[in-house]
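J.: Sharing a structure with you now.
The values are calculated or read from the model by the stated rules, or taken from the named source; none is laboratory data. Quantities reported herein were computed from a predicted structural model and do not represent experimental measurements. Here Cβ is always computed from backbone atoms with ideal geometry, including for glycine, and neighbour counts include all displayed protein chains. These area figures cover heavy atoms from the full protein model, side chains too; ligands, DNA and RNA do not enter into them. Shrake-Rupley method; radii C 1.70, N 1.55, O 1.52, S 1.80 Å.
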Amino acid sequence: MATTAAMPASVRKPAPVQKEDAMLLQKELINRNYRELATAHQTGRKVSATFVPGNLNELLMCFDFARSLPETNALQNGMRKKSGKFIMDAERDGQSEDVCTYVKADLGMMMGGEIGPTGEVLPKPDILLLSYTGCFTFMKWFELIRHKYGCETVMLHVPYQGEGKIAPNMRDYVVKQLKETVIPTLERISGVRFDIDRLRQYMRESQKAEDDLVAVLQSAKNRPSPIDGYFGAVYYIGPIFTAFRGMPEASEYYRVLRQEIEQRVREGRGPMTPEGEMTEEKYRLVVEGPPNWTSFRDFWKMFYDEGAVVVSSTYAKVGGLYDFGFRHDADRPLESLAEYCLGCYTNLNLPSRIDMICKYIDEYQADGLLINSIKSCNSFSAGQLLILREVEKRTGKPAAFIETDLVDPRYFSAANVKNRLESYFQMVKAKRDAAVAAH
Ligand code: SF4
């Protein structure tokens, strides 16, 4: 942690009590989950693996599965600087340079004896639940794991929103698969009978957490924004997008977090950063694309040092698009699980993504759009240049493009990214000044 004297003018030392309760609750949840995974087989529990977008966490909880999410393991390893070696091990084992680095980080971790991010051994999954929401890599990834462990796989095929909307037959198709394939398979593997009332109860908890998360993310409409909707939001979305949605502890986390953020709004305070509170908001941005994890802190610093706050990001919606009204609904449990999967950001077509970004720029009074294009993520990166041009045309706000990677430290060039960002901030300022002069 830097001293106050060394800090940029836009940042001041944190008030000691801020965010402490929510952060501690989250850390405890994550550590507990890794402990549960490590001990699952000794305690007679079965283990599921499933991906973040379109994850059916409430349903998996109905069968007492200990729940692992491979992308989360990869990013946790990335933040702890462990992923570089895993990726190189996977490449030496024959994986191409172009393969998604989450996959290679996961495969490398397996080759090293499945030591998870917290140092505990991750167990072999008993079931791979593939909820297919738009990324083809998901399918190949689980094929590789199935090949290695021979574990059972169940696939939920989620139709792509090619027309930009969810038609009733799309929802019915997903519900039919849940009833006829997914639930019977989960019953057989776990030995637990499905109880729809248990599912309803978890969904009630999900809804409370979803309401609070939306309030937290939308607090960025204030000036100054009390949160960073990209770097800070990574921490806010952690529990709800992973193994905790539907648990009372997750609802409690969001209740506490919302209280903390609402207090920041009342006090007119800016977002917390790793070096303290941002005191001067100079630029408000919308960001598209996932963050880089291996240099997460350095990357974030390039923004807050310049007084740039991200007021909204598409990445903070990758595990659920709650801000446009979707909520898990205990009165229509299977239908709402289907709608949740169908509505995932990765399952949206390009015009819908463009509409969403333009809406964010307008509603959050952003100065422009920044795209962080991930070298190895085809799902997010396809069409990003088109998104950039179209958003610029429709909003008149400047957009810029940088390229990094998720968990491969070889693809984060700090000097290049910093140069690009500094020129972008200058461009935003020049455009804003010109607009003021013209009025
Ligand atoms: S390609 Fe992108 S969306 Fe697909 S698994 Fe990799 S990081 Fe996730």
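J.: Given the convex hull of the Cα atoms of region 41-124, what is a quarter of its surface area in nm²?
T.: Averaged projected area of region 41-124's Cα convex hull equals 6.0 nm².
J.: Would you mind working out the magnitude of the charge dipole of the chain relative to its Cα centre, with +1 at each Lys and Arg C-beta and -1 at each Asp and Glu C-beta, to the nearest 20 Debye?
T.: With only Lys, Arg, Asp and Glu charged at Cβ, the dipole is about 340 debye.
J.: State log₁₀ I(q)/I(0) for region 345-407 at q = 0.21 Å⁻¹ as given by the Debye formula over alpha-carbon point scatterers of equal weight, solvent excluded.
T.: Values returned for q = 0.21 Å⁻¹ are -0.84.
J.: Counting only protein heavy atoms and using a 1.4 Å probe, what share of the accessible area of region 164-293 belongs to carbon plus sulfur, as a whole percent?
T.: Accessible surface attributable to carbon and sulfur in region 164-293 totals 48 percent.
J.: Just name one of Ala414, Leu69, Ile87: the one whose Cα is farthest towards the positive end of the charge dipole of the chain (beta-carbon charges, Lys/Arg +1, Asp/Glu -1).
T.: Ala414
J.: Okay, moving on. So how compact is region 108-255: Cα radius of gyration and Dmax in angstrom?
T.: 18.5, 53
J.: While we're looking at this one, here's another question. Evaluated at 20 °C with a viscosity of 1.002 mPa s, what Stokes-Einstein diffusion coefficient in µm²/s does region 221-344 have when Rh comes from the Kirkwood expression over alpha-carbon pairs?
T.: The Stokes-Einstein estimate is 136 µm²/s.
J.: For region 124-236, give the magnitude of the charge dipole about the Cα centre (Cβ charges: +1 Lys/Arg, -1 Asp/Glu; no others), in debye to the nearest 20.
T.: 100 debye
J.: Let me ask something else. Expected output is a single nm value to one decimal: the length gained when fully extending between Lys176 and Glu163, i.e. 0.36 nm times separation in residues minus the C-alpha distance. What is it?
T.: 2.5 nm
J.: With viscosity set to 1.306 mPa s and temperature to 10 °C, compute the Stokes-Einstein D of region 169-229, Rh being the Kirkwood radius across alpha carbon pairs; µm²/s, no decimals.
T.: Rounded to a whole number, D works out at 108 µm²/s.
J.: So which of Lys85/Lys148; Lys104/Lys418; Lys46/Lys208; Lys282/Lys393 end up more than 25 Å apart, counting from Cα to Cα?
T.: Over 25 Å Cα-Cα: Lys104/Lys418; Lys46/Lys208.
J.: How high is the relative contact order of region 339-439, given as a whole-number percent (alpha carbon pairs under 8 Å, six or more residues apart)?
T.: 25 percent
J.: Here is a further query. Mean separation of Cα pairs under 8 Å and 6+ residues apart, divided by the residue count of region 246-311: what relative contact order is that in percent?
T.: 30 percent
J.: Now, a different point. Carbon and sulfur: what percent of region 303-439's accessible surface (1.4 Å probe)?
T.: 53 percent
J.: Show which aspartates and glutamates lie in cross-link reach of Lys82 when reach means a straight Cα distance below 17 angstrom and same-chain residues fewer than eight apart are skipped.
T.: Glu71, Glu91, Asp106, Glu114, Glu120, Asp298, Asp405, Asp408
J.: Can you show me the helix-derived [θ] at 222 nm for the chain, built from DSSP H runs with n ≥ 4 at -39,500 (n - 2.57) apiece and divided by the number of residues, rounded to the nearest 500.
T.: -15500 deg cm²/dmol
J.: Heavy atoms only, probe 1.4 Å: what % of the accessible area of region 28-90 goes to carbon and sulfur, would you let me know?
T.: Carbon with sulfur: 55 percent of the solvent-accessible area.
J.: Separate question: Wrap a convex hull around the Cα atoms of the chain, take a quarter of its surface area, and give that in square nanometres.
T.: 20.7 nm²
J.: Another question, if that's okay. What's the Cα-based Rg to Rh of region 311-393, Rh via Kirkwood?
T.: Radius of gyration over Kirkwood radius for region 311-393 works out to 1.01.
J.: For the chain, what is the accessible area per residue in Å², given a 1.4 Å probe and the full set of protein chains?
T.: On a per-residue basis, the chain sits at 40 Å².
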